[in-house]
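I have placed the structure first, in the form of structure tokens, so that the comments after it can refer back to it.
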Amino acid sequence: MNEDETNIPESAIETLARSFYKESTGYGFKQVDYLRFVNNLLDIAMQKKPDGSPKADNIIETLYTGLENEIVKFPLCGKRMFIRKPAPLDDKKLWEKWLSDEEGRHFLLSRITAQSLSIDQILYDDKNITGMITLPDGLTIGAVTFLDFDARQLKAELRKIIGEPQYRGQGYAKEATILWLKYGIVTLGLKKIYLNTLDTNIRNIHMNEELGFKVEGIMRSEVLIDDEYRDVLRMGLRIE
């Protein structure tokens, strides 16, 4: 039988899930705790698979080892994209479009300060360093930023957005994040990079964990989105 096939009936899986749910609610599990449980369960299961897949520690080692010998400057070139410096007058219209949908609003709101950014702050504030994610044909599909860059403490908040919906879920955000992390580590000399994400954004949380970020805290009812207060996870990456 193929490894991906299973003879466990759906009813058995549902029964186990309901049993765990009953026990866990008595223990005090919240939504984010179920997320942590599932991530840990998947990590344990994947580590036992004899397929030679690298574990998170090996992925991180591959990403960050030897960066001191690299030169990282604009444009940052990846396999499917490059990251260029912003052109504020031209890019402002893109930002206005991107920040009008749900993902754009999350980009603005899920900050540790729970305050909204403005487009002018993203493009003109010297403390915020921005790169525009651009495809080889010249189409700009998103952006990455380091917010509140602290040149003394060597830390900053990472933020990313794929503004064009048709390019989401295709790995562009991960590739851009890796390029941007290398720029932050090598060129800016960052020693601590942190980010904030909504606790329900499982795909984003998992990607951040693959890149070495760890959950450092949960900010309860931190941001108001669509008349509902949402929890925000703070995740951090320490560069030794």
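No lab work stands behind these numbers, since they all come straight from the coordinates. Every value quoted in this text rests on a predicted model; they were computed, and no experiment measured them. Cβ placement follows ideal geometry from the backbone for every residue including glycine, while neighbour counts extend to all protein chains displayed.
Key figures for this structure:
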read-out: Calculated P(r) of segment 167-222 - Cα pairs past 16 Å, %; value: 49
read-out: Distance histogram in 10 Å bins (all Cα pairs of segment 70-238, percent per bin); value: 10, 41, 40, 9, 0
read-out: Computed lengthening from residue 203 to residue 226, 0.36 nm per intervening residue step minus Cα-Cα distance; value: 6.2 nm
read-out: Nearest-0.05 FRET efficiency for residue 31 and residue 71, computed from C-beta distance (R0 51 Å); value: 0.70
read-out: Cross-link pairs 22/192; 79/155; 93/214; 73/155; 92/155 - those with Cα-Cα distance over 29 Å; value: 22/192; 93/214
read-out: Sites residue 89 and residue 139 - FRET efficiency at Förster radius 22 Å, r taken between beta-carbons, to 0.05; value: 0.75
read-out: Label zone at residue 216, where the point sits 7 Å out along the Cα-to-Cβ direction: segment 165-204 residues whose backbone N lies under 11 Å; value: 191-196
